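See below for the structure under consideration.
The values are calculated or read from the model by the stated rules, or taken from the named source; none is laboratory data. Source: prediction; values computed, not measured. Using ideal geometry, Cβ is built from the backbone for each residue, glycine included, and neighbour counts are taken over all protein chains shown.
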Amino acid sequence: MITEPIFLIGARGCGKTTVGQRLAAACQYAFLDTDQVLQQRAEKSIADIVAQEGWPAFRMRETQTLQSVVAPQTVIATGGGIILAPVNREYLQNNGIVIYLKAPATVLAGRLEITPEASQRPTLTGKPIAEEVREVLAQRDALYRETAHHVVDAACDPDDVVAQILAAINASHVSRPQVNSATAG
Ligand code: ADP
Ligand code: MG
């Protein structure tokens with residue numbers, strides 16, 4: 001039985017929280033979200049942290065949070081910018097299985113426009129959402145790919161994304177999650 005954590009990385013709106021919860025259920029793993037843990041510990045929102053302390057302080061909290069939550073048999077959804085810090089990229093690669101949920105900017109922007117409140121992050125650039133998503137993805141796609149052990153197509157149905165992740169892990173890891181077939185289908 002696998003004990004490694006599974007890290008989900010990717011841009012805002014790619015489905016890290018949505019897919020992560022379903023993946024955890026399918027594997028009977030715990031689920032947690034670094035952004036949620038960070039906000040609970042800080043007792044304030046990411047928007048407030050950034051406004052009051054600035055992005056560098058937020059990034060430091062993010063690194064501390066990541067390193068403190070890692071546990072066996074856990075699916076960990078990360079913040080979209082977690083891969084910006086080399087220390088985080090190295091930590092992710094060395095402490096679990098890293099999955100990049102890749103989706104085109106148009107898909108991401110469409111999701112964020114429908115439910116902007118789903119992401120508690122303040123705007124990164126102050127530009128219209130479609131433009132910001134395109135720019136941020138252009139800057140980060142190479143880092144997501146470089147950090148990931150597996151890249152999956154996150155533009156399809158959440159259950160299909162879960163199936164892709166399980167297939168990728170099963171194909172490449174000798175010990176693997178014991179998938180509960182009742183919930184994996
Ligand atoms: P993230 O945690 O990566 O920012 P979320 O899981 O919060 O992304 O998803 C952002 C929005 O997109 C939510 O409204 C969610 O319901 C929707 N969503 C996520 N994954 C999918 C998917 N595969 N297909 C359709 N909608 C999705
Ligand atoms: Mg999320």
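Residues in the stretch 16-62 that are hydroxyl-bearing (Ser, Thr, Tyr), over 14 Å from the mean Cα position of the chain (by Cα) and assigned to a helix (DSSP H, G or I): none.
Surrounded by fewer than 21 Cβ atoms within 10 Å (Cβ to Cβ), of a type in the set (Lys, Arg), under 21 Å from ILE169 (Cα atoms) and away from ligand 1 (no atom under 16 Å from the Cβ): does that describe ARG59? Answer is no for this residue. Taking the criterion of being within 16 Å of ligand 2 (Cβ to nearest atom) and of a type in the set (A, V, I, L, M, F, W, C), the residues of the stretch 31-48 that qualify are PHE31, LEU32, VAL37, LEU38, ILE46, ALA47. Filtered by the rule that a residue be away from ligand 2 (no atom under 11 Å from the Cβ) and hydrophobic (A, V, I, L, M, F, W, C), the stretch 12-30 gives LEU23, ALA24, ALA25, ALA26, CYS27, ALA30. Do we have ARG12 as under 16 Å from the mean Cα position of the chain (by Cα), modelled with pLDDT under 95 and surrounded by 15 or more Cβ atoms within 10 Å (Cβ to Cβ) here? So ARG12 fits the description; yes.
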